[in-house]
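As structure tokens, the structure follows; a few thoughts come after it.
The values are calculated or read from the model by the stated rules, or taken from the named source; none is laboratory data. Keep in mind it's a predicted model, so treat the numbers as computed, not measured. Cβ placement follows ideal geometry from the backbone for every residue including glycine, while neighbour counts extend to all protein chains displayed. The accessibility values were calculated without ligands, DNA or RNA, using every heavy atom of the protein model including side chains. Shrake-Rupley method; radii C 1.70, N 1.55, O 1.52, S 1.80 Å.
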Amino acid sequence: MSLFKEALSVRDRAYAKYSGFKVGCAIRSTDGSVFVGCNVENVAFPEGTCAEAGAIAAMIAAGKHEIKEVLVVADSPKPVSPCGGCRQKLAEFSKPGVPVTLANLEGPQKTMTVKELLPGAFDAEHMGHE
């Protein structure tokens, strides 16, 4: 199953009534399952939900807890990376080397690791947990 195709498909269903900027995300968990999310805006900014957060929520709701790879797509001249909050969310459920592919409508453009997206991430060790 192509993460790009899944993210592109869910992006079309995004609720971006205010910005018109639709984003789709597909996440593959370590067991191979794929979960998708799209941005859902709200007139009361910033009460919307990012595509990455939606995909993570779907993964957690299905009982999975570890991400193997991520793809994010938007209609933009250059690929769009996750916002700061979503970078932290991705770090919560990923190992530092997990690939995050950034895409536009033409296809995948750049791949980075979670650690490259969020160096020095706040993690469980900061709270005394392993």
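Scan segment 54-70 residue by residue and report those that are part of a loop (DSSP other than H, G, I, E, B) and among the hydrophobic types (A, V, I, L, M, F, W, C).
Of the residues in segment 54-70, the ones part of a loop (DSSP other than H, G, I, E, B) are 62-66.
Hit for segment 54-70 is Ala62, nothing else.
Has segment 96-107 got at least one residue that is among the aliphatic types (A, V, I, L, M), over 11 Å from the mean Cα position of the chain (by Cα) and open to solvent by 50 Å² or more (accessible area, probe 1.4 Å)? Talk me through it step by step, then tell me what you get.
Applying the first criterion (among the aliphatic types (A, V, I, L, M)) to segment 96-107 yields 98, 100, 102-103, 105.
Add one more test, that the residue is over 11 Å from the mean Cα position of the chain (by Cα), and what stays is 98, 103, 105.
Add one more test, that the residue is open to solvent by 50 Å² or more (accessible area, probe 1.4 Å), and what stays is 105.
Within segment 96-107, one or more residues are among the aliphatic types (A, V, I, L, M), over 11 Å from the mean Cα position of the chain (by Cα) and open to solvent by 50 Å² or more (accessible area, probe 1.4 Å).
In segment 35-44, what residues are within 12 Å of the chain's Cα centre (by Cα) and either of a type in the set (Gly, Ala, Ser) or open to solvent by less than 40 Å² (accessible area, probe 1.4 Å) (or both)?
Step one: list which residues in segment 35-44 are within 12 Å of the chain's Cα centre (by Cα), which gives 35-39.
Phe35, Gly37, Cys38, Asn39, listed by residue number.
Within segment 116-130, identify whether any single residue is open to solvent by less than 30 Å² (accessible area, probe 1.4 Å), in a helix (DSSP H, G or I) and either in contact with a helix residue (DSSP H, G or I) (Cβ under 9 Å, 6 or more places away or on another chain) or within 29 Å of Tyr18 (Cα to Cα) (or both), and answer yes or no.
The first filter runs over segment 116-130 and keeps only residues open to solvent by less than 30 Å² (accessible area, probe 1.4 Å), leaving 117, 121.
This time we only want the ones that are in a helix (DSSP H, G or I), so: 117.
From what is left, the residues that are either in contact with a helix residue (DSSP H, G or I) (Cβ under 9 Å, 6 or more places away or on another chain) or within 29 Å of Tyr18 (Cα to Cα) (or both) are 117.
The answer is yes; a qualifying residue exists.
Kindly evaluate Ser29 against the criterion of being surrounded by fewer than 22 Cβ atoms within 10 Å (Cβ to Cβ) and either farther than 12 Å from Ala103 by Cβ or in contact (Cβ under 8 Å) with a residue 24 or more places away in the chain (or both).
Working: surrounded by fewer than 22 Cβ atoms within 10 Å (Cβ to Cβ): yes; either farther than 12 Å from Ala103 by Cβ or in contact (Cβ under 8 Å) with a residue 24 or more places away in the chain (or both): yes.
Against the criterion (surrounded by fewer than 22 Cβ atoms within 10 Å (Cβ to Cβ) and either farther than 12 Å from Ala103 by Cβ or in contact (Cβ under 8 Å) with a residue 24 or more places away in the chain (or both)), Ser29 qualifies.
Condition first: open to solvent by less than 60 Å² (accessible area, probe 1.4 Å) and either charged (D, E, K, R) or not in a strand (DSSP E or B) (or both). Can you find one or more residues in segment 71-79 that meet it? Can you show your working first?
Looking only at segment 71-79, we keep the residues that are open to solvent by less than 60 Å² (accessible area, probe 1.4 Å), and these are 71-74, 76, 79.
The next check asks that each one be either charged (D, E, K, R) or not in a strand (DSSP E or B) (or both); those that pass are 76, 79.
So far as segment 71-79 goes, yes, one or more of its residues are open to solvent by less than 60 Å² (accessible area, probe 1.4 Å) and either charged (D, E, K, R) or not in a strand (DSSP E or B) (or both).
Only residues that are open to solvent by 60 Å² or more (accessible area, probe 1.4 Å), closer than 16 Å to Glu106 by Cα and in a loop (DSSP other than H, G, I, E, B): list them for segment 1-20, please.
Asp12
Select from segment 80-91 the residues that are in contact with a helix residue (DSSP H, G or I) (Cβ under 8 Å, 6 or more places away or on another chain), within 11 Å of Val114 (Cβ to Cβ) and open to solvent by 20 Å² or more (accessible area, probe 1.4 Å) and list them in ascending order.
Arg87, Lys89, Ala91
Does segment 95-109 hold any residues that are assigned to a strand (DSSP E or B) and within 20 Å of Thr30 (Cα to Cα), and which are they? Let's see the steps before the verdict.
Keep residues of segment 95-109 that are assigned to a strand (DSSP E or B), which gives 99-104, 107-109.
Pro99, Val100, Thr101, Leu102 - these are the residues of segment 95-109 that are assigned to a strand (DSSP E or B) and within 20 Å of Thr30 (Cα to Cα).
Restricting the search to segment 49-70, which residues are within 16 Å of Ala14 (Cβ to Cβ) and open to solvent by 40 Å² or more (accessible area, probe 1.4 Å)?
Thr49, Cys50, Ala57
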